[in-house]
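Asker: So that we are looking at the same thing, I have put the structure below in structure tokens.
Since every read-out is calculated from the coordinates, none of them should be taken as a lab result. Remember, predicted model here, so these are calculated numbers, not experimental data. A quick note on method: Cβ atoms are made from the backbone with ideal geometry, for glycine too, and the neighbour counts reach across all protein chains shown.
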Amino acid sequence: MFGIHDIWIILAYVLCILSAILCVVYGIVNWNKGADLEPNELAEESDWSKNESEIEDKL
Amino acid sequence: MLGSIIAIIVYLFVVTFLGYLGFKHTKTSADYLVGGRQIHPMIMALSYGATFISTSAIVGFGGAAGTLGMGLLWLTVLNILFGIFIAFVVFGKRTRRMGHNLDAHTFPELLGNRFNSKFIQGFAGVVIFLFMPIYTAAVLKGGADFIQTHFGISYEVSLLFFAAVVAVYVWMGGMKGVMYTDAFQGAIMFIGMAFLIIFVYNKLGGVSSAHEQLTELYNKPEIQEQTAGLIKGGFRGWTSMPASGSPIWWSLVTTIVMGVGIGVLAQPPLVVRFMTVKSNRELNRAVVSGGVFILMMTGVAFVVGSLSNVLFFNETGKVAILAAGGNDKIIPMFIKQFVPSWFGVIFFLALIAAAMSTLSSQFHSMGTAVGRDVYEKALGKKGNSIFITRTGILLAILLSVILAYLANKLDSSMQIIATGTALFFGLCAASFLPGYIAALYVKKISTKAVIIGMITGFVIGVIWIFFIHEKEASSLQLCMALFNKTSIVKDTAMAKLALVDPIVVALPASAIVTFIGALTTKNTLSENHLDKCFKGI
């Protein structure tokens with residue numbers, strides 16, 4: 001298969017592509033899920049981002 | 001050469017301009033939030049990829065595939081399944097939520113705040129600061145090897161030139177995660193690798209024909225002669241796995257595939273990446289691009305690295321490692337000799353971009369490890385943290401350059417870049433992975449259990465690296481200085497252990513000790529604290 005005779009290499013070659021396809025399918029199925037944040041999460045995230053900017057300024 | 005220099009100047013100009021644009025748009029935390037939500041998924045996608053992949057993966061591991069063959073594709077499988085799918089879907093969402101609940105900004109801080117332990121934060125900070133320069137040196141060596149071959153100048157001059165470009169980049173603010181800059185680098189890398197795989201398969205008459213030629217190459221008498229040393233070690237051709245249990249099999253399976261494939265889960269820059277995304281939706285979307293990007297980077301590098309043997313043989317009568325003059329020179333020499341020169345310039349930029357985006361996240365990790373995790377939190381000091389952080393980064397750059405310089409003195413037939421990278425990834429997995437999983441999933445585990453697990457993994461990992469695993473112990477030379485042999489188990493009944501990578505022993509040991517600790521010690525963290533950690537999870 002594909003000019004390769006060792007089953008373990010064929011398996012790796014195929015699994016590389018299949019696992020990338022798995023990622024694509026999972027991502028597309030869940031493309032718009034998980035976007036909504038609770039109001040308290042928004043505030044928390046805003047504080048977190050502010051602290052992150054301060055840390056980056058030290059770098 | 002002029003074309004390459006002009007390309008670098010244009011590249012640095014674009015990176016600076018994009019960095020400036022990014023900052024202009026994100027002046028306040030509210031802007032940051034809004035900005036993040038409006039970013040196109042493709043921009044987000046490319047920026048993730050750029051920070052994951054470096055010259056280490058393309059030059060170092062691509063070169064390893066040139067020597068050891070397509071068995072390296074198992075690393076691509078693990079990179080996609082563990083490094084993308086499990087990391088983002090299983091760990092990413094909890095890490096992001098818990099990081100925000102605990103106001104954690106670094107990996108050590110996440111663990112330290114979760115277990116309410118300054119020791120954990122300080123210990124993790126010290127491990128990262130002391131050992132990450134080995135990985136940084138591997139990335140620098142990958143860039144310097146390419147520059148050396150591309151311009152035909154000495155390794156030392158190439159390294160200095162590359163270090164100077166890195167210093168300018170860091171000075172321009174390259175460590176501050178600017179999405180557009182990373183996305184630009186990711187786009188260059190993607191185009192470069194996409195062209196490369198099409199070019200190589202086309203040149204060798206298609207996918208099956210290319211692989212068939214590589215399979216047949218191994219059967220030629222002159223090739224058997226050239227690879228006699230490798231064959232003795234268990235090598236059976238570039239389209240076959242090495243003989244089970246042979247030295248090359250242990251090296252490929254335990255060091256390269258497992259060390260890096262599993263080690264990626266406990267990588268500090270990746271954990272920080274999870275915390276900087278705006279919502280779980282971004283993590284879901286990043287799985288799409290991450291999977292495709294890793295396939296296009298590592299998959300292409302490993303296939304092209306292996307196939308380079310056919311082209312090198314047809315041109316020079318030698319296999320890749322001999323024709324290129326060393327494992328880490330295979331990809332740079334292949335690009336120089338076989339692809340059109342205009343593409344050489346694009347590929348050169350792709351590699352510089354890959355190195356820059358990864359180096360910037362490494363310096364970010366090392367700077368925050370010393371300034372925030374150790375100085376501010378573990379030692380409880382205030383006042384000079386900017387000075388400490390910047391001095392730490394400067395030291396990390398100097399140490400990495402020195403290590404990259406010394407690495408070139410090692411035996412060039414070794415997979416130096418891949419081994420250096422695997423060493424750091426393996427040590428991170430052994431020290432942090434059981435504790436990290438426990439932090440996210442085992443609410444009632446005690447702080448003591450996590451501490452003893454971390455220390456066990458780290459101590460066994462370091463002893464194994466310096467005194468038992470011959471590949472690393474012989475390069476580090478401490479074992480030779482103290483015991484006058486390259487591994488303390490050499491010439492003993494346990495000599496086989498010298499082939500086994502530290503991750504195979506240190507990670508299970510760390511996991512078992514953490515588990516026993518969890519059963520025998522009592523959680524002392526308050527319910528309030530645990531509720532805060534797991535809020536919304």
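Asker: In deg cm²/dmol and to the nearest 500, what is the mean residue ellipticity at 222 nm of chain B if only DSSP H runs of at least 4 residues count, each as -39500 (n - 2.57), divided by the residue total?
Answerer: So the calculated ellipticity at 222 nm is -22000 deg cm²/dmol.
Asker: Now for a separate question. Below 12 angstrom from the Cβ of B:Ser209, what's the summed charge of the other residues (Lys, Arg +1; Asp, Glu -1)? All intermediate terms of the calculation are to be shown ahead of the outcome.
Answerer: On the way: positive: B:Lys203; negative: B:Glu212, B:Glu216.
With Lys, Arg at +1 and Asp, Glu at -1, the neighbours total -1.
Asker: Starting with the fewest neighbours, write out B:Leu111, B:Leu525 ranked by other beta-carbon atoms found within 10 Å of each beta-carbon.
Answerer: Final ranking by Cβ density, sparse to dense: B:Leu525, B:Leu111.
Asker: Rank these for me by crowding, B:Glu212, B:Glu109, B:Glu527, B:Glu156, going from fewest to most other beta carbons within 10 Å.
Answerer: If I rank by nearby Cβ atoms, fewest first, I get B:Glu527, B:Glu156, B:Glu212, B:Glu109.
Asker: Please find the FRET efficiency linking B:Leu379 to B:Thr524, where r is the Cβ-Cβ separation and R0 is fixed at 30 Å, and quote it to the nearest 0.05.
Answerer: It comes out at approximately 0.85.
Asker: Something else: According to a simple spin-label model (label point 7 Å from Cα along Cα-to-Cβ), what is the distance in nm between B:Gln337 and B:Lys532?
Answerer: Distance between label points: 6.1 nm.
Asker: Still on this structure, I have one more. What is the local net charge at B:Phe52, summed over the other residues whose Cβ is closer than 15 Å to its Cβ (Lys, Arg +1; Asp, Glu -1)?
Answerer: Numbers: positive: B:Arg273; negative: B:Asp182.
Net local charge, B:Phe52 excluded: 0.
Asker: A follow-up question, please. Per 0.36 nm of contour for each residue apart, how much would the distance between B:Ile512 and B:Ile463 grow if the chain were fully extended, relative to their Cα-Cα spacing?
Answerer: My answer for the length gained is 15.8 nm.
Asker: Using a 10 Å cut-off around each Cβ, can you sort B:Ser289, A:Ser49, B:Ser357 from fewest to most neighbouring Cβ atoms?
Answerer: Taking fewest neighbouring Cβ atoms as first place, the list is A:Ser49, B:Ser289, B:Ser357.
Asker: Let me confirm one metric for peptide B:289-295, namely the mean number of other chain beta-carbon atoms within 10 Å of its residues' beta-carbons.
Answerer: Mean inter-chain Cβ contacts per residue within 10 Å come to 5.
Asker: When we measure straight from the Cα of B:Lys496, which aspartates and glutamates land under 14 angstrom away, once same-chain ones fewer than 8 places off are left out?
Answerer: B:Glu470
Asker: Still on this structure: Before anything else, pin down the relative contact order of chain B: Cα pairs under 8 Å, at least 6 apart, normalised by residue count, whole percent.
Answerer: 28 percent
Asker: Once you charge only the Cβ atoms, +1 for Lys and Arg and -1 for Asp and Glu, what is the size of the charge dipole of chain B about its Cα centre, to the nearest 20 debye?
Answerer: 1640 debye
Asker: Here's a follow-up. At a Cα cut-off below 30 Å, give the lysines reachable from B:Lys448, other chains included and same-chain residues fewer than 8 away excluded.
Answerer: Answer for B:Lys448, where 30 Å is the Cα cut-off: B:Lys93, B:Lys118, B:Lys377, B:Lys381, B:Lys382, B:Lys522, B:Lys532, B:Lys535, listed by chain and number.
Asker: Please average, across the residues of B:322-332, the number of beta carbons from any other chain that are within 10 Å of each residue's own beta carbon, and give a whole number.
Answerer: On the way: counts 0, 0, 0, 0, 0, 0, 0, 0, 0, 0, 0.
Shielding by partners across B:322-332 averages 0.
Asker: Still on this structure: Straight-line reach from B:Lys336: which aspartates and glutamates fall under 20 Å, measuring Cα to Cα and dropping same-chain residues less than 8 apart?
Answerer: Straight-line reach from B:Lys336, under 20 Å: B:Asp145, B:Glu156, B:Glu315, B:Asp328.
Asker: For chain B, list the DSSP H helices whose alpha carbon atoms reach 27 Å or more along the long axis and whose average Kyte-Doolittle value is 0.5 or above?
Answerer: In chain B, the long hydrophobic H runs are B:2-25, B:118-151, B:179-203, B:341-368, B:385-407, B:416-441.
Asker: Can you pull a Stokes-Einstein diffusion coefficient for chain B at 37 °C (0.692 mPa s), Rh from Kirkwood over Cα pairs, as a whole number of µm²/s?
Answerer: On the way: Rh = 23.6 Å.
The estimated diffusion coefficient comes to 139 µm²/s.
Asker: Below 8 Å, C-alpha to C-alpha, sequence gap of six or more: please give me the relative contact order for segment B:396-465 in percent.
Answerer: 33 percent
Asker: Can I ask one more? Return the average number of partner chain Cβ atoms within 10 angstrom of each residue Cβ along peptide B:273-285.
Answerer: 4
Asker: Ok, one more. What spacing in nm lies between the two simple spin-label points modelled at B:Ile43 and B:Asn202, each 7 Å away from Cα in the Cβ direction?
Answerer: Roughly 3.2 nm, to one decimal.
Asker: Using label points projected 7 Å from each Cα along Cα→Cβ, tell me how many nm separate B:Leu160 and B:Ile191, to one decimal.
Answerer: 3.3 nm
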